[in-house]
Amino acid sequence: MRIIAIMIVLLGALGPAAPVLGQDAGQDGSAPSCAIAPPDMVGAALGLKLDPPVQSSDGAMTWCVYPGTGSSATVLIRIAVGASVDSLETEREGFDSHGQPTTPIDGLGDAAFSTTVAAGVIQAASVEAVKGSTMIFVTAPASLVQVEGLVSLLLSPL
């Protein structure tokens, strides 16, 4: 749970992904929904048993926090619309400037990067990618390969 708190604090320090995210949230003006990532699908991709997510939105951005069933494992998925490769680059630069090195990922969406965090025995992998005007960020106590696979799965219908 501590690693998720660290990631949420870091995301809060970085602010919104970029000013372009304030554009219309979607064709119908609604915020993105955690429904695109049901807990059974997310859990299967990451090898975790997860409860349904707690969702919060600010219009163009939605946070989905999936508590682990019977464990302290927590997964965070952030979905943003109105994004671009430039806004992803702004996110990446924010991680790097806060001392969390990133690595580009080729072939995932239009652009993507990964980062990992370790705090004691807790480790988490994070992947953020943009495809079209949708950006997806996932951080989880899972392997980088598993998190990248989940992001790929979430981007596939776009």
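Can you bin segment 32-126 into rounded, prolate or oblate? Criterion: square roots of the alpha carbon gyration tensor eigenvalues sorted a ≥ b ≥ c, rounded for a/c under 1.5, prolate for a/b above b/c, oblate for the rest.
It is oblate, given that a/c is not under 1.5 and a/b is not larger than b/c.
How would you order 60-73, 96-109 from highest to lowest mean count of nearby Cβ atoms within 10 Å?
60-73, 96-109
At q = 0.13 Å⁻¹, what log₁₀ I(q)/I(0) does a Debye calculation on the Cα points of segment 75-158 give, no solvent, two decimals?
Reported log10 I(q)/I(0), two decimals: -0.36.
Do you know the relative contact order of segment 58-158, to the nearest whole percent, from alpha carbon pairs under 8 angstrom that are 6+ apart?
25
Where a number appears in this text, it was derived from the coordinates with a stated rule and is not lab data. Bear in mind the structure is a predicted one, so any value in this text is a computation, not a measurement. Quick reminder, even Gly has a Cβ in these numbers, built from the backbone with ideal geometry, and neighbours come from all protein chains shown.
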